[in-house]
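Below is one structure, written out as structure tokens; the observations come after it.
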Amino acid sequence: HWALLSVALLDCLLSTACSAGLALAIALTIRGRGMHLVVGCSSSALPADARAAIATNDCPFNTTRIYDTALALWFPSLVLAATEAVLSARCCLAALICRGVGPCARGRGTEQV
């Protein structure tokens, strides 16, 4: 039970931190209109909006769809990390109940787990 509790608690903390980091990255990207994503490019031909950026020879990567692709990958990752944090918290609660600690430790809760 202690191993389940410690691993579930660690996973819950890491998933929560990952969710917060992804939410911050999404917010900063939307606020900055994606210009932080193309900061490695030194071309003056890049417009103020990263969504309209074109691929240039000064960029080490293709900038045509980086804004949309980043957001399209980050939103599902945020949902999955938040779901993992919730499930880990439930595992942590189940481990506490098995140890006899928690709101349902005495009574029907132990038999249900």
The one condition Cys104 fails out of (1) at pLDDT 75 or above; (2) open to solvent by 40 Å² or more (accessible area, probe 1.4 Å) is (1)
Selection from segment 53-85 of residues at pLDDT below 90 and aromatic (Phe, Trp, Tyr) yields Phe61, Tyr67
Expected single match for open to solvent by less than 40 Å² (accessible area, probe 1.4 Å), modelled with pLDDT of 85 or more, of a type in the set (S, T, N, Q) and touching an Asp or Glu at 6+ places or on another chain (Cβ under 8 Å) among Ser88, Ser19 is Ser88
Flagged in segment 26-49 as modelled with pLDDT of 65 or more, out of contact with any His (no Cβ under 9 Å at 6 or more places or on another chain), surrounded by 12 or more Cβ atoms within 10 Å (Cβ to Cβ) and not charged (D, E, K, R), in numbering order, are Ile26, Gly32, Gly34, Met35, His36, Leu37, Val38, Cys41
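The values are calculated or read from the model by the stated rules, or taken from the named source; none is laboratory data. Treat the numbers as computed from the prediction; the structure is a model and nothing was measured. In this analysis, Cβ positions are derived from the backbone assuming ideal geometry, glycine residues included, and neighbour counts consider all displayed protein chains. Heads up: the accessible areas ignore ligands, DNA and RNA and are worked out on the full protein's heavy atoms, side chains in. Shrake-Rupley method; radii C 1.70, N 1.55, O 1.52, S 1.80 Å.
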